[in-house]
Every structure is written in C-alpha cells, then in structure tokens.
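So the structure is just underneath, and the comments pick up after that.
Please treat every number below as a calculation from the coordinates, not as lab data. Since we're looking at a predicted model, the values are computed, not measured. Glycine also receives a Cβ, built like all others from the backbone with ideal geometry; neighbour counts cover every protein chain displayed.
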Number of protein chains: 2
Amino acid sequence: MNRITKLFGIEKPIIQAGMIWCSPWQLASAVSNHGGLGVIGAGSMYPDVLEEHVIKCKNATKMPFAVNLPLLYPDIDQHIETVIKHKVPVVITSAGNPKTWTKILKEAGITVVHVVSSAKFALKSESAGVDAVVAEGFEAGGHNGREETTTLTLIQDVTNKVSIPVIAAGGIATGKSMLAAMVLGADAVQIGSRFVASEESSAHLNFKNRVVQSGEGDTSLTLKEMTPVRMIKNEFYGKLQSAYSENASLEHLKELLGRGRAKKGMFEGDLNEGELEIGQVATYINKIQPASVIMDEVILEYHNTRRQLSSKSFDF
Amino acid sequence: MNRITKLFGIEKPIIQAGMIWCSPWQLASAVSNHGGLGVIGAGSMYPDVLEEHVIKCKNATKMPFAVNLPLLYPDIDQHIETVIKHKVPVVITSAGNPKTWTKILKEAGITVVHVVSSAKFALKSESAGVDAVVAEGFEAGGHNGREETTTLTLIQDVTNKVSIPVIAAGGIATGKSMLAAMVLGADAVQIGSRFVASEESSAHLNFKNRVVQSGEGDTSLTLKEMTPVRMIKNEFYGKLQSAYSENASLEHLKELLGRGRAKKGMFEGDLNEGELEIGQVATYINKIQPASVIMDEVILEYHNTRRQLSSKSFDF
C-alpha cells in the first residue's frame, strides 16, 4: 500500500489514462475490476453520453473509478453536474485552471487530481487544493506541455517540489518503466497508449492495428503554436508539416486541423486524414490485449525487475 | 560487477560524457581516479592539444580512461593516430559511421563504444563490431537525434534489441536517475551536464554559473535541419528563433551560427552570443562541485533508493 492506493482505495498503483475516443465505461470498469483505477475520458463525450458511461461503469464495477474532465470543454458545467450527481469517486482534471472547480468537486466528496507537464503547474495545482497530480512528460501521446520536459526529468523535479502524491505519465507501458517511475519518486503510474490497444478500448480497430505496427520515430510533437500534441506521422501530419514549411498562418493551421480530426482518426479509423494521438511507447506495443492481461504483464515485470535489483550485479 | 565495469576495468558504472570545451584531462583523470570512466572530449581539440591532454591524463591516473572522437572531425586521422600511439584504453566514437574506424581501433587493442540515439543505429553499431553503445535520449544536452526519443523510451528499446552492453545517457544526474536507467536495462550511465558544472571541467565559470541557475524549460532542442542540438535559450537562441519565424534559408541559419559559437559560449563565457549546450537536468544542478563529490552523491543516492525499494510500500 502507498499514498495513491490509499487515496483512491485501489489495489495496484496503475491509473488508466482518460484518453479521448478510446476510454469508454468498458475499459474503465475492466481496469477498476482488476485493481487499478479505470478512467472514463469525457473530453470526447457529449453530456448525455458521459452520463450514460458513468451509469454503465457504476453497474459494471463496485470498485472506485474516475472521469477525466478537460476543463476547457465547452459544456464543462454539465459534466461537473454529472460527476457530482452520480458521486464519481475520483475526477482527473486537465487542460485548464485547477482553481476553478477543485473546491466544488471536493465539497461534493470527490477526490481531485490535476494533470500537469511542469513543476511550476504542479505547485499551482497543490495550492489549488488537489489531492494528487499526474505529471506527464514529453514522450506522452496527445496533448502535451510547452517545456518539452521528459518524464525522466519531470518526475524527479515534481516529486522534489510538491508534498502531494505524484502519478507519472508519459513513456510508461511496461513493468520496467513502472518501476523506473517509482524509483524517480512517483507514487503511481498512468498508462495510456498501451490501453488504446486494449480489447476494451473504443479506438477503431484500424487505429489499434496502426499502434501495434508502429516503430521507432513514428510519432512527433506538433501544433506547438496551439496546444502541442503528439501524434503518428501520417498523411494529415504531412500536410501540417508542409503548411509549416510554407510558414502558414495560425488561421491556416486551424483551418487545416478543422473539426473532428481526432474522431476521424481514432474513432472512425481514417488512418490517412485523421489525427492519431499516441505516445512514443507505441514502439513496444505489439498486440491488442485485454486490459486485465496488460495489467498482469506490467505488474509481473515490475516485481521481477524489482527482485533482480537485489542481485550482486547491482552492487558497486 | 557487471558487463560494463568488467569491459572497462572500472569500479563504478559511471561514464563522464566527453563534452566539447568542458572535458579536459583534469576532469577525465578525476573521474577515473574515483572509480568511473573519465573521458577527454576531443571534438574541440586540435591534434596537438588532444595529444597533450592524453599524455597529461596518463600521468594523472593509472586507471582506464577514454577519448571521445566525433567521427566527422576534419582531422580525424590524426586523432585516431594519437589514441593508438598512446594506447588509450577506450575510445567513444560519435557523429559518424562506426564501420569506418572500429576495426582499426580494435586491432590496436582499444575498446570501442559508439554513441547512438536510436535502436536502429544501436543495431548498426553492434554489426560494426563495437563493444558497447551509449544510447542518448532527447533530454540530453548538445547534439541529439532526429527521432526525439526520450531516454525512458530509448533505453528499453535498445536493451531489448542489442546483445552488447548499453550505457544510458540523457537525463542522468542523480542516483535516482542512475537506478531508473539500470531498471530499464542499462549496464551503466553517462553523466554530462552535472560534470559541466564540476570544478575540474574546463567550462568557463560564467557558463558553470548559468547551468547552476537554470530552471525548468530553460533549454530547447533546435537547429533540427542541420544537427539537432539542445542549448540554453539565450540571446543567440532567440536570434535563431527569429530567423525560423522569418522562414530563413539553411544558408542564412548557417551564417547566423557561424564559427566558434560553442567555444564563445562554453569556453569563453559569452552567455549572450555563445552557444550553451546543456541537458534538461540543468534544472536540478544547484552547485559547482568536485567530480569526486558528484560521484559520491550519485552512488549514495543510488544505493539508498535501491534499499528503499524492498520496503512494503513497493509491494502490491
């Protein structure tokens, strides 16, 4: 038991990332039922859809689960209402100011976690009263920080500066990377990309297969003028790069991005024209597996590696 | 003892990076005398200067040491002649094709290591017959890879793919990060930035002080059209960014870079107009210390953290 398993009332310090278009109640409940913290990704859901997922998740698990709420979501008030109404145990907020909603959520008895990509915002989140932070490094898929600080650098810095528990994110897909994050001072890990390729994920099968086939250097952090985002270098990405090489205006980039690119890629499976958000660890993800098997493999490797550390080859 | 301490004949698996303008015989011999592998950085030395440093290093230590040779160095033949003539125990090659010189160096009885930033080039280096690779992630200072793969992602991938020993580089400055790298499968770590701020480093005092004062997000990877390089965001960096925003040609960028920018910044201490190469870990480097104290602190934290891992709070 550690600070995070105690805070959330879970068995294993593995948090499934609340990824847009990929994190339905089926995935969240599977992770929670297997001892981790499952998370419904509300960023791609209309208010009525989120409510449906929360109700179904509660019916599918008696264990704690969470909802991820990007605070810049246009109907955020309705999402907040839903999580309070249905007494969702944990809310993970991101992409916005933690001061705005933390107090209201906590008064409703909800545990609040905020996602940050710098020690500066980890400190601000702590001041805003959150119970824990997710610190996410440069290698993570999807939205990312401007400082480009990697998980290896970020976790040590954040854990040195804040007193609340820290969940490491970005680059975590295996038991070795989980143990490395704990060595750096994290209390838990958040796993995203590997759960995109889980059986319970709502990612389109084309996207899951594309993740499984990904190799070294297949992702890139782009759109840095807006919100930096890590995605697979497909045709749509190529169009963005051409626009950059022609010194395109911000307006032109926004027009090119348009609406629904992420849905088109990740949910509808258009591998050419869609936006395919995934982390650098896609390199190691070689099969689509049930969420429970992913967790078992991670935990087994974590313990095997931890055991090996006591051998003489680590004495100097 | 492990594969790297055995290969090099050293006591502790800590390699000091052979950084241009910062890695003279004084630093290399101090690290070697304290049980690590000290490295003379030949990339910023004329052939006669390198020979002087090699001779002085041999006089200052009876322990193994290395020379870092960037293979694209214009007078590389003369550098190769020097390391063979003086029987330098280990040569760490970088920035070039390991096929060209590995055989010649090995026939002279020299242990050869090549620096890579991808699993692809780690495999090519292994085929070229090198004895080990340094795998360096995106967070490292100075020259870097195009794939932007972070140390956390890279080390697992490289150690899964090659059979030869792997030295992790980029983001390593503390005992925790050393242990994290070993957990990921590395046999040793290479520490650069922290040794820049060592007493024995030949970095200008202005540069050492600038490193000590650095905070989060103070470095950036730029010049991606030429050789990507991580540097401090100073006035010179600002000029590069202005040129980018005006869609400057490669010729214009080269002109702006000019000659001797790295020397001006790191060796002559011009913090505004010089190029200041340093890693993201500059954030944690808070004082200038003797190389031996740096190594003692790293090793102490490594063992303390390793010991803590057996506590119940890591059982799940």
Region A:181-190 - phi-based ³J(HN,Hα) in whole Hz, Karplus 6.51/-1.76/1.60, Gly and Pro as x: 5, 5, 4, 6, x, 5, 9, 6, 10, 10
When Rg is the radius of gyration of the Cα atoms in region A:71-134 and Rh is its Kirkwood radius, what does Rg/Rh come to? 0.95
Dipole of chain B (Lys/Arg Cβ +1, Asp/Glu Cβ -1, origin at the Cα centre): which of B:Gln213, B:Gly192, B:Pro89 lies farthest to the positive side? B:Pro89
Sticking to Cα atoms, compute the Rg of the protein assembly as shown to one decimal and its Dmax as the biggest Cα-Cα distance, whole number, in Å. 24.5, 78
Could you work out how far the C-alpha centroid of region B:141-156 sits from that of region A:252-309, in angstrom? 19
Jot down the per residue volume, in cubic angstrom and as a whole number, of the convex hull over the alpha-carbon atoms of region B:10-123. 97
DSSP bridge orientation in the protein assembly as shown - percent antiparallel, rounded to nearest 5: 20
Could you work out which residue, out of A:Tyr284, A:Tyr73, A:Tyr244, moves most in a Gaussian network model of chain A, that is, has the largest mean-square fluctuation with Cα springs under 10 Å? A:Tyr244
In terms of modelled amide H atoms, which long-range or inter-chain residues lie less than 5 Å from the amide H of A:Phe65? A:Val90
Read phi for every residue in region B:119-126 and hand back ³J(HN,Hα) as whole Hz from Karplus 6.51 cos²θ - 1.76 cosθ + 1.60, θ = phi - 60°, with x for Gly and Pro. 5, 4, 6, 5, 5, 5, 5, 4
Using only helices, what value at 222 nm comes out for the protein assembly as shown when you add -39,500 (n - 2.57) per DSSP H run of length 4 or more and divide by the total residues, to the nearest 500 deg cm²/dmol? -11500 deg cm²/dmol
Indicate, rounded to the nearest 5 percent, the antiparallel portion of the DSSP beta bridges found entirely in chain B. 20
Of all DSSP beta bridges having both residues in region B:104-237, the percent classed as antiparallel (nearest 5) is 35
With +1 on each Lys and Arg Cβ and -1 on each Asp and Glu Cβ, and nothing else charged, work out how big the dipole of the protein assembly as shown is about its Cα centre, in Debye to the nearest 20. 1360
Ranking of B:Leu253, B:Leu152, A:Leu105 by count of other Cβ atoms within 10 Å, fewest first: B:Leu253, A:Leu105, B:Leu152
Equivalent ellipsoid, region A:93-239 (semi-axes from 5 times Cα gyration tensor eigenvalues, Å): 27, 17, 16
HN-Hα J couplings of region A:161-174 from phi, Karplus 6.51/-1.76/1.60, θ = phi - 60°, integer Hz, Gly and Pro as x? 9, 9, 9, 6, x, 10, 9, 7, 9, x, x, 9, 8, 9
Considering only B:Val90, B:Val293, B:Val281, give the residue with the highest GNM mean-square fluctuation for chain B, with springs between Cα atoms whenever their separation is below 10 Å. B:Val293
Find every distance from the label point of B:Lys99 to the corresponding label point in the other copies (7 Å from Cα along Cα→Cβ) and write them in nm, one decimal, shortest first. 6.0
Please give the Cα centre distance for region B:167-218 versus region A:42-99, rounded to the nearest Å. 41
For the cross-link pairs B:Lys124/B:Lys161; B:Lys12/B:Lys85; B:Lys85/B:Lys106; B:Lys176/B:Lys208; A:Lys12/A:Lys287; B:Lys58/B:Lys263, which exceed 19 Å when the distance is taken from alpha carbon to alpha carbon? B:Lys12/B:Lys85; B:Lys176/B:Lys208; A:Lys12/A:Lys287; B:Lys58/B:Lys263
Placing each pseudo-label 7 Å from Cα in the direction of the beta carbon, A:Ser311 and A:Glu273 end up separated by a distance in nanometres of 5.3
Regarding chain A, what's the average projected area of the Cα-atom convex hull, expressed in nm²? 16.0
Amide H contacts under 5 Å for B:Thr93, restricted to residues at least 5 apart in sequence or on another chain and with H modeled in the peptide plane, are B:Leu69, B:Val113, B:His114, B:Val115
Most fluctuating residue of B:Pro24, B:Pro13, B:Pro89 in a GNM of chain B with Cα springs under 10 Å: which is it? B:Pro89
From the C-alpha coordinates alone, can you work out the Kirkwood hydrodynamic radius of region A:214-281, in Å? 12.1
at A:Ala243 the sorted inter-copy label distances (label 7 Å from Cα on Cβ side), in nanometres, are 2.7
Nm distances between copies for A:Lys85, ranked from closest, using label points 7 Å along Cα→Cβ: 8.3
Cβ-placed point charges (K, R +1; D, E -1), dipole of region B:117-228 about Cα centre in debye, nearest 20: 40
Once amide hydrogens are built 1.01 Å from N within the peptide plane, the residues lying 5 or more places from B:Leu276 or on another chain with amide H under 5 Å from its amide H are B:Ile232
Mind checking the dipole of region A:199-316: about its Cα centre, +1 per Lys or Arg Cβ, -1 per Asp or Glu Cβ, Debye to the nearest 20? 180
